Amino acid sequence: MSGSTFLYGAQVHANGIRQHYLRHGGDAGPRAARDAVVIVPGITSPAVTWGFVAERFGRHFDTYVLDVRGRGLSEASDALDYSLDAQAADLNAFVAALGLARYAFVGHSMGGRIAIRAASKQPAGLARVVAVDPPVSGPGRRAYPAKLPWYVDSIRMARHAISLEQMREFCPPGPKRSCACAPSGCTRATNAPSSPASRPSRPTTSMPTCHASRHR
């Protein structure tokens, strides 16, 4: 299939706030018989950064990418409640406002946690949840590797313009990657951004063409 699957960006008022989203694919043709997909990005990612994923989902599903409250073009305010429960309520109110009959949540990182909490409320029409690399910190588990100032300080600085070098201070080198293509495993290391949000990393140095596995 050639051409973009992007349809439009729009906003709805749900759970008392303005929620912005991007739509790909639509519900025409074979997609009409399939469950819609609602993508919930990670904590630092606006909907637009997931366009390359939505393009592919949109070939097969009616796809919506949500700007979580405080991100992208959705409502943001120091007075808003940014708790997990509030964000989960946003998600459930969002699908209700769109009138989706059957749908799946696909959440990445913090978006996975939001999707799981939203699903725990058993919203009508939810068929499945896909949680990609969700945070696993909590009682009895290791501490979350990121520190809150990484988010707060970097976001505050970015609001007033920030250089690449300044941003790198918040993104220390990531773990080594080894390649599964060679018998001994490639040992080339890469300084991949180890973002606190566990977003998909893009190596800053080249890697062999193969499937790489991350050692944690």
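The values are calculated or read from the model by the stated rules, or taken from the named source; none is laboratory data. From a predicted model like this one, the values you see are computed outputs, not experimental measurements. Because the Cβ atoms are built from the backbone with ideal geometry, glycine has one as well, and the counts that use them run over all protein chains shown.
Tell me, which residue of region 144-153 that is of a type in the set (A, V, I, L, M, F, W, C) and surrounded by 13 or more Cβ atoms within 10 Å (Cβ to Cβ) is modelled with the highest pLDDT?
Our first condition is that a residue be of a type in the set (A, V, I, L, M, F, W, C); within region 144-153, this holds for 146, 148, 150, 152.
Next cut, surrounded by 13 or more Cβ atoms within 10 Å (Cβ to Cβ) only: 146, 150.
Working: Ala146: 74, Trp150: 82.
Per the stated criteria, the residue is Trp150.
Among the listed residues Ala131, Ala79, identify the single one that is farther than 23 Å from Ala10 by Cβ and touching a helix residue (DSSP H, G or I) at 6+ places or on another chain (Cβ under 7 Å).
Numbers: Ala79 fails: touching a helix residue (DSSP H, G or I) at 6+ places or on another chain (Cβ under 7 Å).
Selected residue: Ala131, the only one of Ala131, Ala79 that is farther than 23 Å from Ala10 by Cβ and touching a helix residue (DSSP H, G or I) at 6+ places or on another chain (Cβ under 7 Å).
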Return only the number of the condition from (1) among the hydroxyl-bearing types (Ser, Thr, Tyr); (2) touching a Ser or Thr at 6+ places or on another chain (Cβ under 7 Å); (3) crowded, with 18+ Cβ neighbours inside 10 Å that Tyr103 does not satisfy.
(2)
Given the condition polar (S, T, N, Q), assigned by TED's automatic domain parsing to the domain that holds Val12, at negative phi and surrounded by fewer than 18 Cβ atoms within 10 Å (Cβ to Cβ), answer yes or no: does some residue in region 82-90 qualify?
yes
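Name every residue in region 1-24 that is farther than 25 Å from Pro135 by Cβ and part of a strand (DSSP E or B), in order of residue number. Don't jump to the end; show me each part of the working.
From region 1-24, those farther than 25 Å from Pro135 by Cβ are 1-13, 16, 18, 23-24; that's our starting set.
Result: Phe6, Leu7, Tyr8, Gly9, Ala10, Gln11, Val12, His13, Arg18, Arg23, His24.
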Take the residues in region 1-47 that are within 30 Å of Ser154 (Cβ to Cβ) and charged (D, E, K, R); name whichever of them is surrounded by the most Cβ atoms within 10 Å (Cβ to Cβ).
Arg23
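For region 49-60, state whether one or more residues are in contact with a Pro (Cβ under 7 Å, 6 or more places away or on another chain), surrounded by 16 or more Cβ atoms within 10 Å (Cβ to Cβ), within 15 Å of Gly112 (Cβ to Cβ) and hydrophobic (A, V, I, L, M, F, W, C). Break it down stepwise before answering.
From region 49-60, those in contact with a Pro (Cβ under 7 Å, 6 or more places away or on another chain) are 49-50; that's our starting set.
Checking which are surrounded by 16 or more Cβ atoms within 10 Å (Cβ to Cβ) leaves us with 49-50.
Applying the additional criterion that residues be within 15 Å of Gly112 (Cβ to Cβ) yields 50.
So of that shortlist, the ones also hydrophobic (A, V, I, L, M, F, W, C) come out as 50.
Yes, the conditions are met somewhere in region 49-60.
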Here the residues within region 43-91 that are touching a residue at least 60 places away in the same chain (Cβ under 8 Å) and in contact with a Ser or Thr (Cβ under 9 Å, 6 or more places away or on another chain) are Ile43, Thr44, Ser45, Asp90
Pairs, please: C-beta under 7 Å, at least 6 apart or cross-chain, first residue outside the structural domain of Ser74 (by TED's automatic domain parsing) and over 18 Å from Arg128 (Cβ atoms) and in region 25-42, second among the polar types (S, T, N, Q) and not in a helix (DSSP H, G or I)?
none
